Each structure stands twice: as structure tokens, then as C-alpha cells.
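One structure is given here, and the rest of the page talks about it.
Read the figures in this text as sums done on the coordinates, not as results from a lab. Predicted, not measured: the structure shown is a model, and the values here were computed from it. Cβ sites come from the backbone with ideal geometry, for glycine too, and all protein chains shown count toward neighbours.
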Amino acid sequence: MKSYSKAWSVAAVLTSAALLTQYAPSATTRPTSPRGGGNPNPGVPSNCLSTNQVGNSNPGVHPPCSKPYGLAYGEWSAKWWEWVFSIPAPTNPQFQGIPASNPPAVVDCSVGQSGPVWFLAGDFGGIAARQCKDPIPSGVSIFFPVANNGFGVLGFDCYGTGVDALGKPVPNPRPTILANCLDPVWSVPDPTFPFPILSWSQLVAAVAAGFDPTPPISAEIDGHSLQNLGAYRAQAPMFSITIPDDSLLRFIPLPAGTYFPNGSDGFWVMLTPLSKGPHVVHFSIDGSLDVTYHFSVGPGH
């Protein structure tokens, strides 16, 4: 089973793999500023990573350099992580519908959803099939990862800031291992990589290397394959995540609370509002992950 990156990837099955090669710069993977500012590729729109994304689109899909509902793809990817980690493990969609069955497992796709964009979950590897028990409202866009990777505090790569559910600061749980994410140069290297990672920008670059070249990803909407998925690459600016008790990250010794900074890299798709009636969304990574959603689109909000 091939892996393409190393941290707390949820759509892709990458939770136990480590990057084995050093980062090689490219137009796609060159990291943004450690504080999320600046354009790594002058001459393309500020929310693009590379020139091949400009003007690239599929029918029924928001173009990768667009700003659906005022946010770029990378900003929406941060909101996806915030959503998926806000749901306690017993009801988290990441664990539902696995292994796939016929008929698919009936799940509540409305958990944690609001606003003009609804999210679909991936899984931690294997084949998942889900049937939304209630219609998705008409007029909303659907956003999902095809392959993604998250890192930072909750990837246990480094430690930034954190407060528990009562607002009390949470100290670095392992100061002799975890550097301060926000230090310009880390005092200790990221222990999860086989080569030294000594700053946030190096971490961003190393994670990006896992997606360069583009892994064998695919996505279909109602049986129609999306094209040029490599152009749908997005990196998030630094973002916070709030985790509940009994979260997906129970194995990390952090209490429920809010933690910063975290990052994300990967390939994402945002559909324009679908027509009323039944639909099927399917996405996969070379047999290591395969997720299918069955749902209907019903009345609007």
C-alpha cells in the first residue's frame, strides 16, 4: 500500500508513513510564508499555487483559483479540518460506512454542517460507502478532499499555543521533543521525520513533497470523471482547531480545547450546487482509499 505523506492525513491513508526523501522545490510545492502571507508564484492570482491552476475547471466544479463564497480553496480546506475534528469519535463520519456494504451504511450527513458549503468526510484507509439519511439542502456547494495531509500541533510535529475548554493554557506536553511551532528556528527537530525539520516553513515544504508529483487520485460525480485533479492543489494558511472530549486525536495527550497553529496540504474539490434528486460522489487514491457517498438533494435551507 503506497503512502504519499506522513502526518495526520484523514482523506488519505497516510497516518503511519514517513517522508523518505528530502524536499525538492517546484512551482506546486514551494511553501507559503510561515505566517501565511506572500505569493510563492508571482504572476498568478494570489490564491493559486501554480500557473496550471489558472482557468482550470470542470463543469459543475468551482475552479481551483476561484474564491467560492469569498474564500479560497486553501481557506475552505482549513474549515474542513475544523469541521471534521469538531465531531467526537463515536459519531465522526471518518469512521462510518467502513468496510463498505451493499446497501451502504446510512449516516447523518448534517452533523456539524451549516452555511453555503457542506463537507464530505474521507476515511483512514480502505473502502467506505455511505448513504445520507436525509437530503442535502439545495443551493449549497459540497466540498471534499481527494487526498490531504494535516500537520502542526495536532500532527504532533511541534507545539504552538493551546487553551483547554475552560480557557486555561495548555503547556507543551513534551518540551524536550516538541519544538515551538512559531519559533523562527526550532530548538529541537520534528521527531516524526527521518531528517531534521527545524522550522514551520521546512515542515510545510516536507509535507508538500509527499504530493509531488501528484499521486494517482480520481473523483467522479454521478459517474462522470473529473479531469486535471492535479490542478486542485491547495495549501491552507495557519489555522486553529478546537477538539472535543473523545476526539479523533485521543492518542495525543491534549485535553479538549483550541490549538494553534495547524496546516494543510492536498487536493480538494468544491462542487457548485447540484440539481435536486439523487447523486453519487466517489473519490479514491490508487486503491489505498476509496470513498463513495450516495445522497439526494432536497429543499433549500
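For 133, 79, the sequence from fewest to most other C-beta atoms within 10 Å is 133, 79.
You can think of it this way: the chain between residue 110 and residue 52 has 17.4 nm of extra reach, that is 0.36 nm per residue less the Cα-Cα gap. Taken over segment 92-162, the convex hull of the Cα atoms encloses 122 Å³ per residue.
By the helix-only formula, in which each DSSP H run with n ≥ 4 contributes -39500 (n - 2.57) and the sum is divided by residues, the chain has a 222 nm mean residue ellipticity of -2500 deg cm²/dmol. In terms of surrounding Cβ atoms within a 10 Å radius of their Cβ, 232, 69, 259 rank from fewest to most as 69, 259, 232.
Computed over the chain, relative contact order equals 28 percent, with contacts defined as Cα pairs under 8 Å that lie 6+ residues apart. Coupling constants for segment 239-249 follow from the phi torsions by the Karplus curve (6.51 cos²θ - 1.76 cosθ + 1.60, θ = phi - 60°), and in residue order they are 9, 8, 10, 9, 10, x, 4, 6, 7, 4, 9 Hz; glycine and proline get x.
When only alpha carbons of the chain are considered, Rg and Dmax amount to 18.5, 55 Å.
Highest mean packing first, where packing is the average number of other Cβ atoms within 10 Å per residue, the peptides 233-240, 41-48 line up as 233-240, 41-48. Taking amide H atoms as placed 1.01 Å from N in the peptide plane, the amide H of residue 107 lies under 5 Å from those of 131, 132, 133, each 5 or more residues away in sequence or on another chain. For residue 188, the residues whose modelled amide H falls within less than 5 Å of its own, excluding neighbours fewer than 5 places apart on the same chain, are 179, 180. In order along segment 79-86, the phi-based Karplus estimate (6.51 cos²θ - 1.76 cosθ + 1.60, θ = phi - 60°) of 3J(HN,Hα) comes to 5, 4, 4, 4, 5, 5, 7, 7 Hz; Gly and Pro are listed as x.
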